[in-house]
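Computed from the coordinates by the stated procedures, all read-outs in this text should not be read as laboratory data. Since we're looking at a predicted model, the values are computed, not measured. Ideal geometry is used to build each Cβ from the backbone, glycine not excepted, and the neighbour counts take in all protein chains shown.
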Amino acid sequence: MLHLFYLLLSGVVLLAPLNSTAQTKSFSIGGVFGLTGDAATFGHEELNAAQLAIDEINQQGKIHLTLTIEDSGSTGLGTVNAVKKLVDLDGIKIILGPTWLDTFQGCLPIMDKRGVLAISPSASIPIIKKSPSQYPLVFSTYFNFQREVTSLIESASRRGLKRMTILCDQDPYFVEMRRVALAAAANASLDIVGDSEFSSGETDFRSLIIKAQHNQSNALLFASANQASALAFMKQRSQLAPQLTVLGSHDFEGYERDPSFNGILKRTLYMAPEKPSKEFVAKYQARYSTPPIMTASNSFDAIMLVSKALSSGAETPEQIAVYLRQNEHTSQTFGMIRFSPDGGIESGNFIAQGSLAKEVQESVR
């Protein structure tokens, strides 16, 4: 529809057409996903959900987003190279990801120096930042890490598991998981009768499993960023100590979909985040013919939050960061949220999962 404006010139009123349709602003976002390697289950979920969000935003027509995708390969070097390409070659200033940023932290100084805003769907902010002011342009829509680990230990204690051995690899995420688990075990009156760490990629756990049996453990907290390590451990546990309950991280949700783990996930207990909104689940399933798992909804939320900031007029990384911190937001994962001073999310509920949990379901809020 044409609008008319009036121009009064020399006593003559002239009419001229004025097109009021504003040009849609376009923005480029980089996506660093673990599409191969150990983080691939997370990475593919995050990419799927990001595409879903971007298509929805572009259909609305307020702004237009393009996504430039890089595969981190689920390695530190791969993550650094992916970020460097997006930032230095493609000129990207907003990054979704990287997947497992708390594990692959080498890119943080690069993004910080270049003034790049990063919002990761799968990174625990307390592991990344030593203080709330460090890396002020880095955010995460990931679940509350401390709450997950604490609720796992408390759930194990309520099920009568009182003697636990800890086996965690040296990945930063699981180093912190061990620390939180030790504190939670003390509060839950759960005795730690063994505590060992191993290198990522280790595949021989037989002596450690036998030692756990010798110490009369009835629970073994196992955590590794390497799927080959997890598969080897679960096979050896099934052969040597099938009665030993395995406490695990949310990664076990992915293992349950992997045929390689068929038949060896008995007597397991882990905490999975409460399901996202029914609206998101329906959208995702209609698009990909499978329900979302892991950090799919977190990725969808991250894109939506950035788009809201851009639509509000915040265009630079610094302006987007201010918008994210100063406003309350709607999310598909948590409902209404606010970012904490360090850029993380404090809310989030968990539900006990695994074969042992099916005996008595419970939620932790």
In debye, nearest 20: dipole of the chain around its Cα centre with unit charges on the Cβ of K, R (+) and D, E (-)? 480 debye
Which of the peptides 120-128, 226-234 is most tightly packed, and how do the rest follow, going by the mean number of other Cβ atoms within 10 Å of each residue? 120-128, 226-234
Compute, for segment 269-317, the length of the dipole vector about the Cα centre, with Cβ point charges of +1 (Lys, Arg) and -1 (Asp, Glu) only. Units Debye, rounded to 20. 180 debye
With unit charges on the beta carbon (Lys/Arg positive, Asp/Glu negative), name the residue among ALA156, THR99, GLY76 whose Cα is farthest towards the positive pole of the charge dipole of the chain. ALA156
At R0 = 22 Å, FRET efficiency that the Cβ-Cβ distance of THR290 and GLN59 yields, to 0.05: 0.45
For the chain, what percent of Cα pairs sit more than 40 Å apart? 21 percent
Largest first and in whole Å, give the semi-axes of segment 244-318's equivalent ellipsoid, each being the square root of 5 times a Cα gyration tensor eigenvalue. 34, 15, 10
Any chance you could get the radius of gyration and Dmax over the Cα atoms of segment 132-267, in Å? 15.1, 49
Expected vector for segment 138-146, Karplus 3J(HN,Hα) from phi with 6.51, -1.76, 1.60 and θ = phi - 60°, integer Hz, x for Gly and Pro, equals 9, 10, 8, 9, 6, 5, 6, 4, 4
Once phi is turned into θ = phi - 60°, what whole-Hz ³J(HN,Hα) does the Karplus curve with 6.51, -1.76 and 1.60 give for every residue of segment 321-332, x standing for Gly and Pro? 4, 4, 4, 4, 6, 8, 10, 8, 10, 8, 10, 7
Charge dipole (segment 178-334, unit charges on Cβ, about Cα centre) - positive-most of VAL246, PRO292, ALA183: VAL246
Relative to the chain, whose Cα atoms define the longest principal axis, helix 296-311 and its Cα axis are tilted in degrees, nearest 10, by 20 degrees
Taking only Cα atoms, what is the 0 to 90° angle, nearest 10, from helix 40-60's long axis to the longest principal axis of the chain? 20 degrees
Report, in debye and to the nearest 20, how large the dipole of segment 135-274 comes out about its Cα centre when Lys and Arg carry +1 and Asp and Glu carry -1 on their Cβ. 580 debye
Once you place label points 7 Å from the Cα toward the Cβ at GLU274 and GLN243, how far apart are they in nm? 3.7 nm
MRE, 222 nm, helices only [DSSP H, n ≥ 4, -39500 (n - 2.57), over the chain, to nearest 500]: -11500 deg cm²/dmol
What is the helix-to-structure angle for 172-187, meaning the angle in degrees between its Cα long axis and the longest Cα principal axis of the chain, kept from 0 to 90 and rounded to the nearest 10? 60 degrees
